[in-house]
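The values are calculated or read from the model by the stated rules, or taken from the named source; none is laboratory data. This one's a predicted model, so the numbers in the text were calculated from it and none came from an experiment. Reconstructed Cβ throughout: ideal geometry from the backbone, glycine too, with neighbour counts over all protein chains shown. Surface accessibility is based on the protein's heavy atoms, side chains included, excluding ligands, DNA and RNA. Shrake-Rupley method; radii C 1.70, N 1.55, O 1.52, S 1.80 Å.
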Amino acid sequence: ARLTVPPRTPARRIDAFLAEHAAWAQAQAARHADAPGDLRDGDRLALLDGELVLRVRAAGRGRAGAARDGAALVVAVRDGEPVAARVEAWYRAEAAAVIAPRAEREAARLSARVGRIVIRDTRSRWG
């Protein structure tokens with residue numbers, strides 16, 4: 001776990017904060033203890049009402065990224081890069097590609113207009 005504090009924060013204030021919030025910090029650590037680690041080659045990923053098999057490759061000199069190849073999601077990562085970051089970026093793009101035409105159809109049916117579609121991770125805002 002990591003605690004980020006403003007520069008030049010006295011150690012006694014940090015210690016007091018940690019002591020005051022120890023129970024909360026332990027509860028959060030326990031809550032995340034069973035969280036899965038990084039994704040690995042061969043893992044199965046949910047996609048709408050089906051699934052994809054994750055295929056992880058080294059990006060080498062090529063471009064890092066993710067692309068669907070039939071029933072597989074092929075992810076090319078640079079050395080040390082977490083696979084999950086590439087998979088999440090792909091899911092976001094895929095979600096936008098699926099949602100946009102559906103939103104346009106529904107907007108036309110309602111005589112409305114679709115604004116910008118944004119896919120966000122709200123965990124940092126909502127816990």
Just the number please: accessible area per residue for the chain, 1.4 Å probe, all protein chains included, in Å². 81 Å²
Charges on Cβ only, +1 for Lys and Arg, -1 for Asp and Glu, centred on the Cα centroid of the stretch 3-97; of 10, 70, 85, which one is farthest towards the dipole's positive end? 10
Checking 25, 46, 67 against a Gaussian network model of the chain (alpha-carbon springs below 10 Å), the top fluctuating residue turns out to be 25
Can you list the residues, at least 5 places off or on another chain, whose amide H is less than 5 Å from the amide H of residue 73, using H built in the peptide plane? 53, 54, 55
Summing -39500 (n - 2.57) over the DSSP H runs of n ≥ 4 in the chain and dividing by its residue number, what mean residue ellipticity at 222 nm do you reach, to the nearest 500 deg cm²/dmol? -13500 deg cm²/dmol
Working from Cα positions, state the angle (0 to 90°, nearest 10) between the long axis of helix 83-109 and the longest principal axis of the chain. 50 degrees
Using DSSP loop states and a limit of at most 11 other Cβ atoms within 10 Å to flag trypsin sites (Lys or Arg not before Pro), what is the longest stretch of the chain containing no flagged site? 64-112
Got a number for the accessible area of residue 118? Probe 1.4 Å, square angstrom, nearest 10. 70 Å²
Spherically averaged projected area in nm², based on the convex hull that wraps the Cα atoms of the chain: 12.9 nm²
Where the accessible area of the stretch 1-126 is counted over protein heavy atoms with a 1.4 Å probe, how much of it, in %, is carbon and sulfur? 53 percent
What size of dipole, in debye to the nearest 20, comes out for the chain about its Cα centre when the only charges are +1 on Lys and Arg C-beta atoms and -1 on Asp and Glu C-beta atoms? 540 debye
